[in-house]
Every structure is written in C-alpha cells, then in structure tokens.
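Below is one structure; the comments refer to it alone.
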Amino acid sequence: MKDILALISPGKPFLPDSLNAMQLGHANAMRHLWLTAAVSLFATRGTGIRILEVGSWMGASVLTWGAAIDRFIPGDSEILCVDTWAPYLAADDINIDGAYKIMDRAASTELAYSVFRHNASCVSKKTRVDHLRGSSKQVLSMLRDRAFDIVHIDGSHYYADVLADLVEGKRLVAEGGLLCGDDLEQQISEVDEAFLRANIDRDAVVDPKNRKPYHPGVTLAVSEVLGPVSSYTGFWTMRRQGDAFVSVDLAGASPFLPGHFSDEYKKTVLEWAKTSGFFQKQS
Ligand SMILES: C[S@@+](CC[C@H](N)C(=O)[O-])C[C@H]1O[C@@H](n2cnc3c(N)ncnc32)[C@H](O)[C@@H]1O
C-alpha cells in the first residue's frame, strides 16, 4: 500500500473526499482555521512546541498542525498521534450515514492507517511526527504529566471515551498550554439535557428543541471536566494556568488555511469567513 500511495501521490498529501479523508468535507473545513490559530498563539515563545493529537484518522489535521508550525514556530517541534486506526463506530451509527460506512471500511481494511502514514510523511522535516497505535485509554496513561503544549482531543465521540480522553488530556497539558478538541457544536446549556443524557452513546444527534445537530458525548464530557469552554464553530479550547483551565480568546490569533486544501475548499472557507462575519466581530 505504501508504494501504491507513493505512486498515486508522490511526496504530496492524499486526501480524497471519497474516503472522507477531510472529515465531513466542506461543511467542517473551517475547523482547520482554529488549529492554525491555536498554534499561532505560541509564535512569540521562540522555541519548538509539542502537540499530542488523540484521533488523527488519515492525517488531515496533522498536516494542518505541521503547516501551522512551519509558519509560526521557530524551533524544531513534535507531533505525537494516538489512534487505533481500527473500526470503532457502533452499528447504529454506521448504518445511519454513508460517510460512517466508508470510515468503518477504510479502518477495517488498513487503508486509513496506510493513508495516515503517507500523509504524516508529507509534514515538513522541521517537525517530527510520531504515532502510537492503540486505544487512547491504554496509550495516554503511559505519557508523562504536562508533556505537551497542545493536546487535541479528536478521537471517539462516545461519552465514556471522551471523558477518559479529557481527564488524561488535562493531565498532559504543560503550563500555559492548550487543551482543545473538535466536535463541540453545542454546549450543555444550549441543548435539551434529558435528551442529551439519553443519547450519550450515539455519535451525533439532532437536539429536539433547537433542531441543531451535535455530538452528545462530547457536549456532556466537556461540561463535566471543564464546564463552559471557549468554542469556535465546533473547535473548543482552554489554557492551563496552574491547576486551572481558563478560556482562550482567538481574536488576536492568525488563522490560515494550509496548502493541502484544494482551491475548492479554500473558496468555501473564505466565503464562510466573509459571510459569518466572525473575524470582523472578533477584531
Ligand atoms: C474524527 S476522526 C479524527 C479526525 C482527524 N483529527 C482529522 O481532523 O482529520 C476520529 C479518529 O479517532 C480514532 N479513535 C476512535 N476511538 C479511539 C480510541 N478509543 N482510541 C484512539 N483513537 C480512537 C479513530 O480511529 C479515528 O481515526
């Protein structure tokens, strides 16, 4: 598989929509802006940074972390990816959506792991990318306290898994570092709590009152471990200050969309950036 990918996409990322490599496609592409914004907050530090990512799938977010490090971080840096690269979705979720079926198949055939390794090899050599293959429950406990400047939680969305990842993630963030994650479309105060609690073992649901989709396991676990968090179109982040975690304002940050996004994706995100008014509001 390694040779086939090198032939199909020599030295360049391979991120086909047909494999859901970019994760929810255009609708979710702006989340990468927040990853770059988070790294830009470390630009003045003058040293390399260490990032831990729980859930790397085919490496789209790893490429974004790498591109952001290239742009903002002067020193050599490291990214450690933790993933099972194995099927993890419950049958009820797999059957609901074509994208989930593709993910499940790509994971069970080792395609996801092969594509991840290909894409990780495309990150610039300034950044060392390592990976540990295994469930986050097993792997995170082996890592030392406060070892990472950014801990990005983007693994399983099921409540018990997210809760465990957050508890460990908190332990692993260095002083001044960021604990962050994806897929927090709504916080607990925004949704019907009884419905939320009845659905913590589903990947995603639609809130019966506000009719907006969200990931109930992420919403409940984040609220229990951190309370209300700073959130940006699904991306959330908090900064370690001693033993506390405080909110993070990304207004002064410098988001950008890296080179592994096609022109079509860039157009969608730039259009969103203009129409959402987010940046104007924040500046
Ligand atoms: C939403 S995808 C990650 C997307 C990726 N960060 C990106 O932006 O391209 C979730 C990933 O979490 C991984 N995963 C699910 N459960 C896991 C667990 N218990 N431990 C480690 N990884 C897990 C899956 O294999 C999958 O690759």
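Key figures for this structure:
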item: Packing rank of 198-210, 239-251, where each peptide gets the mean count of other beta carbons within 10 Å, highest leading; result: 198-210, 239-251
item: Förster radius 41 Å - calculated FRET efficiency between ALA251 and LEU7, Cβ distance, rounded to 0.05; result: 0.40
item: Spatially near lysine pairs across the range 2-183, Cα under 22 Å, sequence gap of 8 or more or different chains; result: 5
item: Axial C-alpha extent at least 24 Å, average Kyte-Doolittle at least -0.5 - helices from the chain (DSSP); result: none
item: Solvent-accessible area per residue, Å², over the range 112-203 with all protein chains present [probe radius 1.4 Å]; result: 42
item: For the chain, the spread of Cα positions along each principal axis, largest first, Å; result: 50, 44, 44
item: With DNA, RNA and ligands ignored, accessible area of GLU185 (1.4 Å probe; Å², nearest 10); result: 80
item: With every protein chain in place, the range 35-151: carbon and sulfur % of accessible area (1.4 Å); result: 50
item: For peptides 168-175, 229-236, sequence by mean Cβ density within 10 Å, most packed first; result: 229-236, 168-175
item: Over the chain: helical MRE at 222 nm, DSSP H runs n ≥ 4 each giving -39500 (n - 2.57), nearest 500; result: -11000 deg cm²/dmol
item: Net charge, ALA221 excluded, C-beta distance under 9 Å - Lys, Arg +1, Asp, Glu -1; result: -3
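The values are calculated or read from the model by the stated rules, or taken from the named source; none is laboratory data. Computed from a predicted model, the values in this text were never measured in an experiment. Cβ sites come from the backbone with ideal geometry, for glycine too, and all protein chains shown count toward neighbours. The accessibility values were calculated without ligands, DNA or RNA, using every heavy atom of the protein model including side chains. Shrake-Rupley method; radii C 1.70, N 1.55, O 1.52, S 1.80 Å.
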